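Report on the structure given below.
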Amino acid sequence: MEKTIDESKQGERLILEPKVNNTRKLFIESYGCAMNFSDSEIVASILSEQGFNTTQSLEDADLVLVNTCSIRDKAEQTVRKRLEKYNAVKRINPKMKVGVLGCMAERLKTKFLEEEKIVDLVVGPDAYKDLPNLLAEVDEGRDAINVILSKEETYGDIAPVRLNTNGVTAFVSITRGCDNMCTFCVVPFTRGRERSRDPQSIIEEVNDLWNKGYKEITLLGQNVDSYLWYGGGLKKDFIKASDMQKATAVNFAQLLELCAKAQPKMRIRFSTSNPQDLTLDVIETMAKFDNICKHIHLPVQSGSNRILKEMNRLHTREEYFQLIDNIRRIIPNCAISQDLIAGFPTETEQDHQDTLSLMDYVKYNFGYMFTYSERPGTLAERKMEDDVPEETKKRRLAEIVQRQREHSEIRTKEYLNTVVEVLIERQSKKSDAQWSGRTSQNIVAVFPKEHYNVGDLVKVKVTDCTSATLIGEAIELSN
Ligand code: SAH
Ligand code: F3S
């Protein structure tokens with residue numbers, strides 16, 4: 001049950017409510033992290049002002065956009081395959097235009113136009129507001145590109161147009177970019193410097209979502225705990241801020257509290273936390289508010305101090321354990337999940353054992369596990385040899401995945417014969433007689449539909465489980 005973010009949401013498409021006067025058709029699909037899905041909603045919003053309604057049919061599209069991921073080589077290969085498919089469709093419909101958005105656009109820039117003849121438009125993650133101008137160029141028969149990264153852009157002024165299938169859960173982006181420079185990671189190069197979004201626009205979005213019937217939001221950022229609003233601009237420039245700006249600055253713990261109080265019945269999640277930036281304040285704020293979900297996604301990447309250092313993760317294994325202890329003390333029922341990388345350059349068998357023993361200490365509820373994939377331009381690629389053989393990486397990954405499966409099973413079993421609160425999101429994939437939703441701890445639960453509806457918060461008695469899913473029966477409404 002290796003879960004990867006890329007694969008769980010591959011190619012999901014967005015359908016928006018059509019504007020009656022719009023005549024052009026946009027087919028947009030997204031790969032990679034939640035931020036890409038959120039960005040596609042912003043792009044669709046910008047293009048709905050340009051006469052585009054979304055379509056689910058590639059064959060009908062006037063414009064095809066693919067929001068891409070560069071995090072691992074495999075993610076890029078998936079997009080290349082999709083471009084082949086678009087090419088086949090374009091042979092039948094030569095007027096169709098094709099654009100590449102997101103991290104691959106930023107990484108490959110004009111190379112995309114050279115390497116992939118089908119591509120008419122290349123737009124980086126900070127340049128979506130330029131889409132109307134770029135499309136005008138394309139309409140006149142020229143290729144168009146904007147991959148300029150910004151120090152300011154947060155799209156805080158654009159109301160994402162949503163029509164995700166459940167109408168219950170939504171993403172709200174709070175920071176863009178990342179300043180952490182983990183040596184394996186391409187994100188700082190493709191998404192630029194870290195900047196935070198105005199809290200007022202965040203709260204307005206949360207209120208708006210509640211008024212539209214949404215019941216759960218996930219605050220999104222590459223590194224949410226380093227959120228800091230002091231009037232705009234880069235986080236690193238905060239030192240130059242005025243006394244007034246410093247006194248009124250809003251950090252992540254304060255933002256969480258603002259959101260939790262603005263809509264006391266809205267469930268609030270956040271992702272992702274970097275261990276080096278997760279503060280006690282945030283943990284205490286989570287404990288204080290019932291509507292902040294009790295789950296922390298806390299990627300560790302490796303259990304070896306030497307590898308953590310090579311990765312430029314700015315904490316040790318011991319500090320990580322301390323953080324875990326603090327979380328368990330302050331929020332005893334908190335679920336914790338991980339990201340782990342097997343086979344980072346120079347990783348020895350002992351380093352790998354350190355990862356397994358770290359997992360044994362934490363016993364994560366679930367995790368996303370990967371083999372190391374060398375990314376062009378990163379510090380690891382420039383300074384280190386990708387020297388762990390592919391078979392060794394795969395074997396270590398398999399051992400990590402197996403260990404996680406055992407831990408997940410232990411964790412889900414802890415809920416047997418207890419009552420959990422589940423927000424119903426959709427019909428279960430396995431049975432149309434069952435609902436599927438998640439607990440506060442982000443564990444999936446399925447149970448017979450009875451008279452309940454999507455969007456209901458329901459008390460569920462857990463009668464059985466697999467390593468990833470709770471199985472039960474609804475008792476009564478919780479709200
Ligand atoms: N802070 C980010 C992390 C982005 S990448 C977030 O919000 O999710 C998600 C995960 O992909 C990382 O935690 C890491 O485990 C994995 N990853 C990143 N670069 C990788 C690489 N070069 N090879 C393998 N896995 C990688
Ligand atoms: Fe990547 Fe590390 Fe930032 S994993 S997104 S550089 S926190």
Computed Rg/Rh of region 151-279, alpha carbon atoms with Kirkwood Rh = 0.97
Rounded to whole Hz and in sequence order, give me ³J(HN,Hα) for region 70-86 from the Karplus expression 6.51 cos²θ - 1.76 cosθ + 1.60, θ = phi - 60°, writing x for Gly and Pro.
-> 10, 4, 9, 4, 4, 4, 5, 4, 4, 5, 4, 5, 5, 5, 4, 5, 4
So which trypsin sites (Lys or Arg not before Pro) in region 80-155 are both in a DSSP loop and have at most 13 other Cβ atoms within 10 Å of their Cβ?
-> Lys95, Lys117, Arg142
Go ahead and run the numbers for FRET between Ala249 and Gln56, Cβ-Cβ distance against an R0 of 45 Å, rounding to 0.05.
-> 0.55
Placing one equal point scatterer on each C-alpha of the chain and summing with Debye, one gets log10 I(q)/I(0) at q = 0.05 Å⁻¹ equal to -0.19
As computed over region 419-477, the Cα convex hull volume per residue (Å³) = 70 Å³
Rounded FRET efficiency, nearest 0.05, which uses the C-beta distance separating Arg91 from Leu280 and R0 of 56 Å = 0.45
Percent antiparallel among DSSP beta bridges (both partners in the chain, rounded to 5) = 40 percent
Take every Cα-Cα pair in region 65-222 and report what % of them are more than 21 Å apart.
-> 54 percent
Spin-label point model (7 Å from Cα, Cβ direction): what's the Ile475 to Lys261 distance in nm?
-> 3.2 nm
Neighbouring Cβ atoms within 10 Å as the yardstick, rank Thr154, Thr346 fewest first.
-> Thr346, Thr154
Pairwise label distance in nanometres, Thr348 with Phe321, each label 7 Å out on the Cα-Cβ vector = 2.0 nm
Unpartnered Cys in the chain, judged by a 4.7 Å Cβ-Cβ cut-off, are Cys33, Cys69, Cys103, Cys178, Cys259, Cys293, Cys334, Cys465
P(r) over all Cα-Cα pairs of region 5-146, 5 Å bins from 0 to the longest distance, whole percent per bin, short to long, reads 2, 11, 22, 26, 23, 13, 3, 1, 0
If the chain between Arg24 and Arg329 were fully stretched, how many nm would it gain, using 0.36 nm times the residue separation less the Cα-Cα distance?
-> 104.3 nm
Cα pairs beyond 32 Å in region 169-413, in percent, come to 25 percent
At the level of C-alpha centres, the distance separating region 286-365 and region 376-454, in angstrom, is 16 Å
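Each value in this text was obtained by applying a stated rule to the coordinates, not by laboratory testing. Given the structure is predicted, the values throughout are model-derived calculations rather than measurements. Neighbour counts run over all protein chains shown; Cβ positions are idealised from the backbone, glycine included.
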